[in-house]
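In what follows, a single structure is set out as C-alpha cells and then discussed.
The values are calculated or read from the model by the stated rules, or taken from the named source; none is laboratory data. Here the structure is a predicted model, which means the values were calculated and not measured. Don't worry about glycine lacking a Cβ; one is built from the backbone with ideal geometry, like all the others, and counts go over all protein chains shown. Accessible surface is based on the protein model in full, side chains and every heavy atom, while ligands, DNA and RNA are left aside. Shrake-Rupley method; radii C 1.70, N 1.55, O 1.52, S 1.80 Å.
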Amino acid sequence: MGGRLMHRAERAGFSMLEISDHEKDGRLFCYRCQTFHPATEFGEDNRRWDRTTGSCRRSLNAAKGRKVVE
C-alpha cells in the first residue's frame, strides 16, 4: 500500500499524509479537475487497482463533450 500511496501523492502534488487523510474520509483525487471529491462521484473501472476511474464523472462528461448539470 505504501508504494501506491506514495505514487498517488507524488502524482497529485500532495504529501502522503494529505492523501491518506482524504482517503480515510472517503474522498478521492480527480486528476482532470485537480480536486478531491467523495468516492461516490467516481465511476467503476475494473482494470484499476481500486476499481474506480481516475477522474470524477463530471470531468469525464465534460471531456466527452456532454452537458454538465450543476
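Once both labels are modelled 7 Å past Cα along the beta-carbon direction, what's the residue 14-residue 33 spacing in nm?
My value for the distance between the label points is 1.5 nm.
First compute the accessible area of the chain with a 1.4 Å probe, then give the percent of it belonging to carbon and sulfur atoms.
50 percent
Hey, what did the chain get for relative contact order, percent, Cα under 8 Å, at least 6 apart?
19 percent
To the nearest 500 deg cm²/dmol, what mean residue ellipticity at 222 nm is calculated for the chain from DSSP H runs of n ≥ 4 alone, each contributing -39,500 (n - 2.57), summed and divided by the residues?
Mean residue ellipticity at 222 nm (helix-derived): -11000 deg cm²/dmol.
Spin-label point model (7 Å from Cα, Cβ direction): what's the residue 45 to residue 64 distance in nm?
1.3 nm
Which one, [x] 16.6, 52; [y] 12.4, 38; [z] 11.6, 42, gives Rg and Dmax of the Cα atoms in Å as derived from the coordinates shown?
Only one option fits the structure, namely [y].
Specify the angular offset, from 0 to 90 degrees and rounded to the nearest 10, of the alpha carbon long axis of helix 2-12 from the longest principal axis of the alpha carbons in the chain.
50 degrees
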